[in-house]
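As C-alpha cells, the structure follows; a few thoughts come after it.
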Amino acid sequence: MYSSNKPDRLRSGSFTSQRYQDILMSWGFLLPTLFILAVILIWPLCVSLKMSFFHWELARPDLGRPFVWFENYIQAFTDDDVIHSLNISAFFVIISLAFELIFGFIAAFLLAQKVKGIGVFRVLILLPMMLPDVVVGLMWKLLFDSRNGIINYFLSLLGIPQQIWMGANLAFPLIIMAEVWQQTSFFALILLAGLQAIPEELYEASKIDGATYWQELRYITLPILKPVMLVALIFRTMFTMRVFAPIWVLTGGGPGNATNLLSLKIYQEGFSYYNMGYAAALSWILLILTVIITYAYIKVLFGKEEKA
Amino acid sequence: MLKRTGFISLMLLLLLSFLIPVGSFAQDNKLVFVVSAGGSGRTLTAAAREFEKKYNVKIEVLSYPWAEARDKQILDLSSGAGSIDIISVEHDWVGLMYHFLVPLDADTKQNKDLIPSILDGFRYAGPKEGNKKLYAVPARIGTWILYYRKDLLQQKNIKAPETFADLSADAKSLTDGKTFGLVMPLKQSVFIVSQWLGFLWSNGGELLDANRQKVLFTNKRGIEATQYLVNLYRNQKVVSPESIEYEHDDLITALQQGRAAMAVTYSPYVTEVSDPAKSKFANEFAWSSHPYNPKYAKEGHPLIAGWGVGVNKSSKNIKLAKQFVQFVGSSDIQLMLALNNQNDPTVASVYKNDKFKKLSPAADAVLKALEGGKWDPSFPEWPRIQDALSVELSNAFSGKKTVEAALDDAKKDVDSILGWREK
Amino acid sequence: MTQRKNQSSRAKKIRDEVGIYAALTILAIISMFPVLWMVLTSLKTRLQTFAIPPVWWFKPTFDNYRDVIFGTGGFDFPFKLYFWNSLIVGITSTVISMILATIAAYALVRFRLRYRNAIAMLILAVRMLPPIALVVPLFIIFKDFHLYDTIPALVLVYTALSIPLATWLMRGFFSDQGTMLELEESSMVDGTNRLGAFIKIILPLITPGLAATAIFSFILSWNDLLIALVLTASKAATLPIAASRVRVEEGIMWGQLGAIGTIVMIPVVIITMIAQKYLVRGLTAGAVKG
C-alpha cells in the first residue's frame, strides 16, 4: 500500500497549490466525458423514466398521453408473461456468463502463451464477437435448420436422428450456445489484456522463491486480474441482459414463450405494439434487475476491499 | 499541458467530423419514399423510377426490411418530423398509421379501374369516427392460393384438390416418406395465423363479430377448421414434420427443394418457385384456388393481403406526393408493374389483359380468390391479437395443448386485449 | 547428468507446446466454423446453399459479392457510401472515446477525489438502460437540432456508448493508486514532469488495456444496427443497415448475407490484427522496488 506521507486531503487546514492544481486537472479530465454522457445518455434516461409513468402509444394520438402513476409497473408485475420473461432472462444470463467465464479464462491463458503464430490464433478465436448480431443469428439459423442445416447432416452421419433445434426443448439451450459462442471472446480479450498487464518481475521474483504454477495463479495472477475480471463481469451481465437480435432472428421468442427474454418483450411492446410508456417501464425494470445482479457481484468479489 | 493539448486536438477532431455533409429534410421537387425490401420494394421502386422519368422529379427510395420499414415510418409519422413523404402502407398497418396520413378519397374517386374490394382494404374509420376514409392507394395485392406440383399430381393421376376432403386425401397419396403432401408455416409467427385464417373462413368460421367486440373463432366451425389443420400435421402426418419451425421463407425453400408437393400460400411467391435459379422444379408448378368445406361454404375464402401507398400529413410536398400515389394506382402503371415486375395488380383492366394472363399463370387463381377473399382486421389491436393467436395455434400444432384448449386460451387473451382497449 | 536433465526439460517443453497448439486449434475451429460456413455460403448459389448432402466441392460464384458491391440483383444501394460512413464513424468514435476514457480513468484513479467512486458508478449506471429505451428520445433530440441523418450524430452517440466500458476498463488497468504514485514519484525524481512520467512509465503499462478498449469501441460502432436505423436515412447510413437488407419479404438472401458478412468482417479483423500486437506484457523497467 501507499506508504509515503499522508494524502493531502487528510491534512487539516487549507489545500496546497499542488492539491488545487490536481483537483482542477482531474475535473478537467472528467468534464468532457461527463458532458457527452449527460447529453446523449442522461437526458434520454430521464425522458424514458418520465415516459414510464405515462400511457403513451405512438400510433394512438387520440388517446393522448395520460399520466398513469405506477400503472405500467403494476401491469408488468401482474403479467405472468413478464414474470416468466424475468425468470428466463435471469436464467439465461447466469448460465451464459458461467460458461463464458470458464471458456474465456481458458482461452485467455492459451492466447497469452508466447508461441509462434499466436497472433493468428488470437484473431481467429476473438472473431466471434466481432460479427454483427443479425449476421450471427442468421448464420446459426442456416446451420441449425432441421432440414437443410449442416449440423443435422453431421449428426445423421453419426447416426443421431434429426433434431428440431428451434422448436420443443432445444430452443433455450440453442440460444445459450449461440450467445456463449459469440461472447466468450469478450472475456477472453479482457482477461488476455489483463494477463499481459501483469509485470514480468512478479513472476520472476516468485520463481526465485520457488512457487509452483498453481501458487502463482492463486497469489499473483488472480488477485491482479480481479479488477478487470469484475469490469468484464459487470458489463457482460449488462449486455447479456439486453441481447436481442440473435435470439429474435433464431426463435422469435418461441416456441410458446420459451425463449421470450425480457429484452424481446421490450422490443415487442416498443416496436410491434408501439406501446412506448409500457416499454419504458419494462426497460427500467430490466435496468433495476441488472443493477441488483451487478451489486451482488461487487459485494461477492470485492467485499470489504477498497475499490481501485 | 496534457490537458490543453488533449483538449485542442479533441476539438479539432470533433470539428473535422462536423465538416462532413449535414443532412436536411425534403426539399422542393424531391420526395422521400420508404419501401419494404423484397417484392413490394422492387415493385414500388420501379414505379418511382417511372415517375421520376415522366415528371422530372427526384424520388429518394429507402428500402428496409419489413419490420424496420414499419418502425421507421411510424416513428417519422408520429413525431411529425415530415422527413418521409410517401408511405408504404401494408394493409395491416392502416390502423396504426391512419392518424398521420392524408385522406385520399377525393383524388382517387376518378380512378374507376381500382377493384372496389381492394380499395376497401385501405379504408379505415377510427373508433369514434363515422365513415371510413381511404388512406392509401392500393398498389399491390396478394392472396392465398393453392400451389401444387403438376408432375407429382399427374403421376398419381389426381386433379388439383378443391375441398378440404380432397386436400387431405391428395396430400396422403402424395406423401411417401421423402416428399410430403403439404408444407405449412407452423412456427409461432404471423404466418401461422395467415395460414389458419383462410381455412377458418373457408369452413364458415369467423374471427370476431362485426363490432370487433366478441370472439367468434371458438365456435363449432372454428374448432373444426383448426382441428382439420392440426390433424393434417399430427395425425395424418401429411405435412412435413419440420414445418413446426417454418416461416414463409422456409416454406418457399421447401417447395423449391421439392420437399413438399403442395402448399396453400401467398400468391406473390409464384415468382420464387418458378425461378430456375432458385427452384429445382421451376416449371412444374401450377396454381388453383383456396380449398373450402362444401358443408359451410361454396368457394374458398382466403386471406387477402396487400400494399398501398399513402401520403404523410406532415410532408412538405403533399401535392407532389398525392400525384405520385395516384400515379402508382393508375391503370397504365399497374399494367407495367404487372408485366415487368410480376406484380399482382389492383386494377380490373390488367386482369383482363391477354399479355398479363399469359405471363402470370396464377392470374386466374388470384382473381377468383379476390372474389371470395377477406381482409384481416387492421385495427391497432390486431398485432397483439395476432401474436396471441400465433402462440396458441403453435401450441395446438406442437401438441402442447388440445385444439379446444388452445383456442380457449386464445379467446381469453383476445378478450383481455379487447377489454383493455375499452378503457 | 545435466545433459539428461536438459533433454527431458526440452522434451517437456515440446510436449507443452504441442499441447498448447492442439488446444488452440480446437478453440479456433469452434470459433471459426460458423464463420467459414458463412464465407462458403457467400460463394454459393441459392440452390447449392440448401443442398443436402452439402456441397463441399463446387465452382464458386462471385455473383453475391457483385450484387452487394455494385447494387445488382435487387440490392440497390450505394455500398461505397455506407462503407465509408461506417469507417469514419467507427474510427472517429473509437479515437475520441479512447482519449476521453483514458483521461477520465486516470483522473478517477490518480487523484483522491472525494466523489470518484460515485462518478465511476454514475458512468456505469447511465449505460444500463437498454438502447431501445434511448432511441425515441434520441430521435427527437437530433431531429430538433437538425442532426438527423448526419455523421456527427452517430459519432456522438457511439462515443457516449463506448465511454462507460472504456473508462472502467482503463480504470482496471491503471494499477492501484499506490504503485502508480510510486512509479510517478520515482521517475519525477529523475527530473521528468508529470506528463513525461505518464508517457514513459504509465502508458506502456496500460497498452494492453488500450488495445482491448480500441477493439471494443470499434466493434460497438461498426456493428450497431438499432441506433443507425433510427438516426439515419440515406446520407449517413452505415453497413449494418446494408446488411439488414438481405432480409426481404420472401425470406433471406443467403448468398448476399454471406457476402456482406464477409466484407463487414474484414476491417474488424485488420484492426484486431494491429491491436493484438500491443497485447504484450510491458516491463516496468525496474522501477518497482521489491
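The values are calculated or read from the model by the stated rules, or taken from the named source; none is laboratory data. Bear in mind that the values here come from a model prediction, so they are computed numbers and not experimental data. Virtual Cβ from ideal backbone geometry, glycine too; neighbours counted across all protein chains shown.
What's the total number of residues in the stretch C:102-118 that are more than 7 Å from chain A (Cβ to nearest Cβ) and either β-branched (Val, Ile, Thr) or surrounded by 20 or more Cβ atoms within 10 Å (Cβ to Cβ) (or both)?
Residues meeting the conditions: 4.
Consider A:Leu195 carefully, then state whether it is under 18 Å from the mean Cα position of the chain (by Cα) and farther than 30 Å from B:Ser243 by Cβ.
Judged against the criteria, A:Leu195 is not a match.
Here is a list: A:Val123, A:Val82. Which entry is surrounded by 16 or more Cβ atoms within 10 Å (Cβ to Cβ), within 13 Å of another protein chain (Cβ to nearest Cβ) and in a helix (DSSP H, G or I)?
Going through A:Val123, A:Val82 in turn, just one is surrounded by 16 or more Cβ atoms within 10 Å (Cβ to Cβ), within 13 Å of another protein chain (Cβ to nearest Cβ) and in a helix (DSSP H, G or I): A:Val123.
Looking at B:Gly130, B:Gly177, can you tell me which residue is more than 25 Å from B:Asp387 (Cα to Cα), in a loop (DSSP other than H, G, I, E, B) and within 14 Å of chain A (Cβ to nearest Cβ)?
Going through B:Gly130, B:Gly177 in turn, just one is more than 25 Å from B:Asp387 (Cα to Cα), in a loop (DSSP other than H, G, I, E, B) and within 14 Å of chain A (Cβ to nearest Cβ): B:Gly177.
Given the residues C:Pro130, C:Pro152, which is the only one that is within 25 Å of A:Arg242 (Cβ to Cβ) and at the interface with another protein chain (Cβ under 7 Å from one of its Cβ atoms)?
C:Pro130
(1) at the interface with chain C (Cβ under 10 Å from one of its Cβ atoms); (2) modelled with pLDDT under 90; (3) within 28 Å of the chain's Cα centre (by Cα): which one isn't true of A:Met139, the others all being true?
Checking A:Met139 against (1) at the interface with chain C (Cβ under 10 Å from one of its Cβ atoms); (2) modelled with pLDDT under 90; (3) within 28 Å of the chain's Cα centre (by Cα), the one that fails is (2).
Give the residues of the stretch A:16-45 that are more than 12 Å from C:Val126 (Cβ to Cβ), of a type in the set (Gly, Ala, Ser) and more than 7 Å from chain C (Cβ to nearest Cβ), sorted by residue number.
A:Ser17, A:Gly28
All but one of (1) more than 18 Å from C:Leu257 (Cα to Cα); (2) within 9 Å of another protein chain (Cβ to nearest Cβ) hold for C:Trp84; state the number of the condition that does not hold.
Unmet for C:Trp84, out of (1) more than 18 Å from C:Leu257 (Cα to Cα); (2) within 9 Å of another protein chain (Cβ to nearest Cβ): (2).
Hey, which of the helices (runs of 4 or more DSSP H) in the stretch B:340-423, taking only ones fully inside, have at least 2 residues that are of a type in the set (Val, Ile, Thr), within 14 Å of chain A (Cβ to nearest Cβ) and under 18 Å from B:Pro116 (Cα atoms)?
none
Among the residues of the stretch A:268-305, write down those that are under 22 Å from the mean Cα position of the chain (by Cα), among the hydroxyl-bearing types (Ser, Thr, Tyr) and buried (at least 24 other Cβ atoms within 10 Å of the Cβ).
Those that are under 22 Å from the mean Cα position of the chain (by Cα), among the hydroxyl-bearing types (Ser, Thr, Tyr) and buried (at least 24 other Cβ atoms within 10 Å of the Cβ): A:Ser283, A:Thr290.
Among the residues of the stretch A:61-69, is any at pLDDT below 90, more than 30 Å from A:Lys265 (Cα to Cα), over 21 Å from the mean Cα position of the chain (by Cα) and not in a helix (DSSP H, G or I)?
No.
Return yes when B:Val35 is more than 14 Å from chain C (Cβ to nearest Cβ), in a strand (DSSP E or B) and either touching a residue at least 60 places away in the same chain (Cβ under 8 Å) or buried (at least 22 other Cβ atoms within 10 Å of the Cβ) (or both) and no when it is not.
no
Consider the stretch B:229-239. How many of its residues are crowded, with 21+ Cβ neighbours inside 10 Å and not hydrophobic (A, V, I, L, M, F, W, C)?
Number satisfying all stated conditions: 1.
With the requirement that a residue be farther than 12 Å from A:Ile190 by Cα and in a helix (DSSP H, G or I), what does the stretch A:101-115 give you?
Hits for the stretch A:101-115 are A:Ile102, A:Phe103, A:Ile106, A:Leu110.
For the stretch A:153-166, indicate whether the set of residues that are facing chain C (nearest Cβ under 7 Å), within 18 Å of the chain's Cα centre (by Cα) and part of a helix (DSSP H, G or I) is non-empty.
No, every residue in the stretch A:153-166 fails to be facing chain C (nearest Cβ under 7 Å), within 18 Å of the chain's Cα centre (by Cα) and part of a helix (DSSP H, G or I).
Residues being hydroxyl-bearing (Ser, Thr, Tyr) and within 15 Å of the chain's Cα centre (by Cα): count how many of those fall in the stretch A:211-266.
3
Conditions tested, residue by residue: (1) within 23 Å of the chain's Cα centre (by Cα); (2) modelled with pLDDT under 90; (3) of a type outside the set (A, V, I, L, M, F, W, C); (4) surrounded by fewer than 19 Cβ atoms within 10 Å (Cβ to Cβ).
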residue: B:Lys313; (1), (2), (3), (4): no, no, yes, yes
residue: B:Gln323; (1), (2), (3), (4): no, no, yes, yes
residue: B:Leu339; (1), (2), (3), (4): yes, yes, no, yes
residue: B:Lys368; (1), (2), (3), (4): yes, yes, yes, yes
residue: B:Ser398; (1), (2), (3), (4): no, yes, yes, no
residue: B:Thr402; (1), (2), (3), (4): no, no, yes, yes
residue: B:Asp415; (1), (2), (3), (4): no, no, yes, yes
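Would you mind finding the one in B:Asp85, B:Asp113, B:Asp76 that is more than 18 Å from B:Gly39 (Cα to Cα), touching a residue at least 12 places away in the same chain (Cβ under 8 Å), assigned by TED's automatic domain parsing to the domain that holds B:Val350 and surrounded by fewer than 18 Cβ atoms within 10 Å (Cβ to Cβ)?
Matching residue, one of B:Asp85, B:Asp113, B:Asp76: B:Asp113.
Could you list all residues from the stretch A:237-275 that are in contact with a strand residue (DSSP E or B) (Cβ under 7 Å, 6 or more places away or on another chain) and part of a helix (DSSP H, G or I)?
A:Glu269
Give me the residue from the stretch C:157-178 that is in a helix (DSSP H, G or I) and surrounded by fewer than 23 Cβ atoms within 10 Å (Cβ to Cβ) and, out of that set, farthest from the other protein chains (Cβ to nearest Cβ).
The extreme case among them is C:Gln177.
Condition (residue is of a type in the set (Ser, Thr, Tyr), surrounded by fewer than 19 Cβ atoms within 10 Å (Cβ to Cβ), closer than 24 Å to C:Ser93 by Cα and modelled with pLDDT of 85 or more) applied to the stretch C:242-262: is it met by at least one residue?
So far as the stretch C:242-262 goes, no, none of its residues is of a type in the set (Ser, Thr, Tyr), surrounded by fewer than 19 Cβ atoms within 10 Å (Cβ to Cβ), closer than 24 Å to C:Ser93 by Cα and modelled with pLDDT of 85 or more.
Could you check the stretch B:190-216 and list, in sequence order, the residues that are more than 16 Å from B:Lys295 (Cα to Cα), crowded, with 20+ Cβ neighbours inside 10 Å and small (Gly, Ala, Ser)?
B:Ser194
Can you tell me which residue among A:Leu195, A:Leu230, A:Leu250 is in contact (Cβ under 8 Å) with a residue 40 or more places away in the chain, over 30 Å from A:Val134 (Cα atoms) and in contact with a Phe, Trp or Tyr (Cβ under 9 Å, 6 or more places away or on another chain)?
A:Leu195
Of all residues in the stretch C:135-149 being crowded, with 22+ Cβ neighbours inside 10 Å and not in a helix (DSSP H, G or I), which is nearest to the other protein chains (Cβ to nearest Cβ)?
Per the stated criteria, the residue is C:Asp149.
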